[in-house]
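The values are calculated or read from the model by the stated rules, or taken from the named source; none is laboratory data. Worth saying up front: this structure is predicted, and the values here are computed from it rather than measured. Here the Cβ positions follow ideal geometry from the backbone for every residue, glycine too, while neighbour counts run over all protein chains shown.
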Amino acid sequence: MHKFLINIFAVLLLGFAACAHAEDVTLSTGETLYLPIYSHVWHGDTHPIKGEPLKANMSALVSIRNTSLKTPLRLISARYYNTNGKLLKEFVTAPKGIAAMGTVELFIEKSESEGGSGANFIIQWEAATPTNPPVVEAVHIDNQASRPYSFITTARIINKDK
């Protein structure tokens, strides 16, 4: 079974690599990003008595990767919200530096179910000079032996509310 899962993982990685493409990168001195998070996912058919499908709780590893070879970034905030838009946690209580080519990781435990299937992060970063924007992704995992799940979500730039 272990070898089977490794083979599936390898096929998925090759698929992701085949889908990768070059993007036009606009240098920036800062952005506000929206990152979807799933603290659980619904799956299967709707249960006739419970009225909802099965639910799998997920852990999520948020990775904020500085893609600049020279310029450090400052992570200003990383706010975690639930499905209803309620702020659950501010992961960055004071600006945090990310060295050139460095990474900051944030972790949502599998036992955290308050976020729900519509949870999200709002992440703000800045730099002293225009630089490559960071790559911000979340790897979601539920590795139960009978039905393992894993997938990645990617942050999108949003405009700050005025």
Inset, instruction - Test SER113 against the criterion of being of a type in the set (Gly, Ala, Ser) and not in a loop (DSSP other than H, G, I, E, B), and give yes or no. - result: no
Inset, instruction - Write out, first by first residue and then by second, each pair whose Cβ atoms fall under 6 Å of each other, whose residues are 6+ apart or on separate chains, and whose first residue, in segment 118-146, is surrounded by 21 or more Cβ atoms within 10 Å (Cβ to Cβ) while the second is in a strand (DSSP E or B) and among the basic types (Lys, Arg). - result: PRO134/ARG65
Inset, instruction - Could you grab the pairs with beta carbons closer than 9 Å, sequence gap of 6+ or different chains, first residue in segment 84-105 and under 17 Å from PRO133 (Cβ atoms), second one aromatic (Phe, Trp, Tyr) and assigned to a strand (DSSP E or B)? - result: ILE98/TRP125
Legend entry - Long-range neighbours under 6 Å by Cβ, at least six apart or interchain, first residue in contact (Cβ under 8 Å) with a residue 24 or more places away in the chain and under 27 Å from GLU137 (Cα atoms) within segment 43-64, second among the basic types (Lys, Arg) and surrounded by 12 or more Cβ atoms within 10 Å (Cβ to Cβ): ASN57/LYS110; SER59/LYS110
Inset, instruction - Taking ALA100 as meeting all but one of (1) assigned to a loop (DSSP other than H, G, I, E, B); (2) out of contact with any Ser or Thr (no Cβ under 6 Å at 6 or more places or on another chain), write down the number of the exception. - result: (2)
Inset, instruction - Evaluate segment 34-55: report whether one residue or more is in a helix (DSSP H, G or I), at pLDDT below 95 and under 18 Å from PHE151 (Cα atoms). - result: no
